[in-house]
Structure formats: structure tokens, C-alpha cells
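Single-structure report; data block below.
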């Protein structure tokens with residue numbers, strides 16, 4: 001016995017599939033998240049990716065609630081109106097929003113997709129995935145700080161410490 005296990009390949013994302021945030025934050029496309037993150041060695045189903053992206057958006061909404069309220073009160077009717085700054089031909093705020101969603105979703109998925117083996121090698125891979133999940137969450141929070149820095153009096157620090 002070789003120890004190889006065959007897993008069916010999940011169905012591809014429907015063309016143009018996206019998770020719609022709300023009328024203010026733009027939707028995020030599933031295929032763009034897949035292209036930019038290495039997700040579960042291709043084993044992440046559409047349903048799991050959508051669920052992770054929805055969770056990411058909920059987390060992002062909480063992180064950005066006060067910032068968003070201030071931008072709306074300043075007259076922005078959508079995220080792309082908070083800045084006209086562009087990066088690589090794309091609106092800077094929208095780019096950061098997509099990054100936030102992508103990394104929070106990736107952190108959830110990295111935590112979910114552990115190697116289920118009793119070998120030392122499997123346990124080592126599990127520990128590596130914990131680091132990956134933490135790193136993705138750190139990147140998401142850095143993108144939150146960068147987005148909250150737009151139109152702020154001073155840049156929002158990326159490193160935050162919460163004392164308990």
C-alpha cells in the first residue's frame with residue numbers, strides 16, 4: 001500500500017462568480033482569490049471558499065465600521081470614492097479591500113485544511129499551517145490599517161496590541 005489517497009477535484013468556479021459585500025464595498029471574485037492564494041492544494045470547494053469570503057467580509061465590516069461611517073458622512077457613496085489614488089491602474093481603496101477579504105478568507109481556510117495524519121511529518125505540516133494562518137491574518141490586518149489610513153490625519157499603525 002502506497003499511502004496515496006485520491007480526492008476528487010472540486011468543480012470550477014462558475015464564470016464571474018463573486019461574493020457581493022453590500023452596496024458600498026465592492027464584490028470580490030472567487031477566481032481572483034484562488035489565483036492569488038494557494039488554497040488547500042486545489043481541494044477547496046466553491047461552497048467553502050464562499051463561506052470563508054463571507055466570514056472575511058463580516059470581519060472586515062467590524063474592523064472598518066467607524067472608518068466607513070466617517071467616509072460616508074464625508075460624502076463617499078462607495079469605496080472607490082474615498083480616494084482617486086490609483087495603483088497599477090486600479091483604485092487603491094478597492095485594491096486594499098480585496099486584499100483584506102482575500103487574506104482573512106485565506107487565514108480561515110489555512111486553519112481548516114490541516115493534514116490529518118498521525119505521523120511526525122503530518123504534525124510538522126500542521127504547525128506550518130498555523131504559521132500560515134497567522135501570517136495571512138497579519139497581512140489582512142495590515143491591509144485594514146492601510147485602508148483606514150486613507151483620509152486619516154495620520155497613518156494608522158500596522159502593529160496593534162490589545163492588552164487583556
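Since every read-out is calculated from the coordinates, none of them should be taken as a lab result. All values derive from a computational prediction rather than experimental measurement. Backbone-built Cβ (ideal geometry, glycine too); neighbour counts: all protein chains shown.
Return, ordered by residue number, the residues of the range 60-95 whose backbone nitrogen is under 20 Å from a label point located 7 Å along Cα→Cβ of residue 157. Under cut-off, by backbone N: 63-64, 66-67. The slack between residue 134 and residue 90, meaning 0.36 nm per residue of separation minus the straight C-alpha distance, is 13.1 nm. Net length available on complete extension from residue 81 to residue 65 is 4.1 nm, with 0.36 nm assigned per residue and the Cα-Cα distance removed.
Between residue 149 and residue 31, the modelled labels are 3.3 nm apart [label points 7 Å from Cα along Cα→Cβ].
Modelled label positions at residue 74 and residue 24, each set 7 Å beyond Cα in the direction of Cβ, lie 1.3 nm from each other.
Computed extension gain for residue 17 through residue 46, at 0.36 nm per residue and net of the alpha carbon distance, reaches 9.5 nm.
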